[in-house]
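Readers should treat all values here as calculations from the given coordinates under stated rules, not as data from a laboratory. What you are looking at is a predicted structure, and each value in this text was computed from that prediction instead of being measured. As a convention, Cβ positions derive from the backbone with ideal geometry for all residues, glycine included, and neighbour counts pool all protein chains shown.
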């Protein structure tokens with residue numbers, strides 16, 4: 001398996017992976033490709049990686065900057081992850097996440113935030129951040145137990161993390 005940055009030639013394959021994953025899970029993530037396209041067009045897509053096996057794109061993950069109300073810079077959201085259903089349980093998702101995190105570290109990022117399953121993301125190094133809030137409205141705080149961060153310098157930011165529009169609904 002090769003993990004690399006996306007290219008313009010990958011856009012259709014990324015859409016196919018995203019839609020196949022959404023259909024398999026039936027959890028309303030069909031708008032993921034539109035969100036990804038909007039982030040790309042607005043310059044908010046910091047890092048977009050694909051996993052490729054024998055020339056076929058089988059997975060994708062994207063990272064974008066988040067605004068921290070306390071002024072901390074260099075924080076990113078992890079989301080928009082998808083893997084072809086027939087390729088689940090091969091470690092593709094974890095490999096994409098690990099490669100993305102290493103690239104963000106190399107870019108002097110401060111850390112990564114995710115809204116996701118603590119049982120999955122906790123062992124990867126993410127921790128809950130009860131002192132913080134996230135999202136675009138207080139309604140998103142209904143999932144506060146699923147808001148997690150990974151800091152690269154052992155310093156947690158203070159304040160509210162604001163994710164780009166649509167990003168939380170498709171992670």
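Full extension of the chain between residue 108 and residue 89 gives 3.7 nm of extra length, using 0.36 nm per residue less the Cα-Cα distance. Computed on region 31-78, the Cα convex hull volume stands at 90 Å³ per residue.
Spatially, region 109-128 and region 40-57 are offset by 21 Å when compared through their Cα centroids. Each residue in 87, 64 was given a count of other beta-carbon atoms within 10 angstrom of its own, and listing them fewest first yields 87, 64.
Going by neighbour counts of Cβ atoms within 10 Å, the residues 151, 7 line up, fewest first, as 7, 151.
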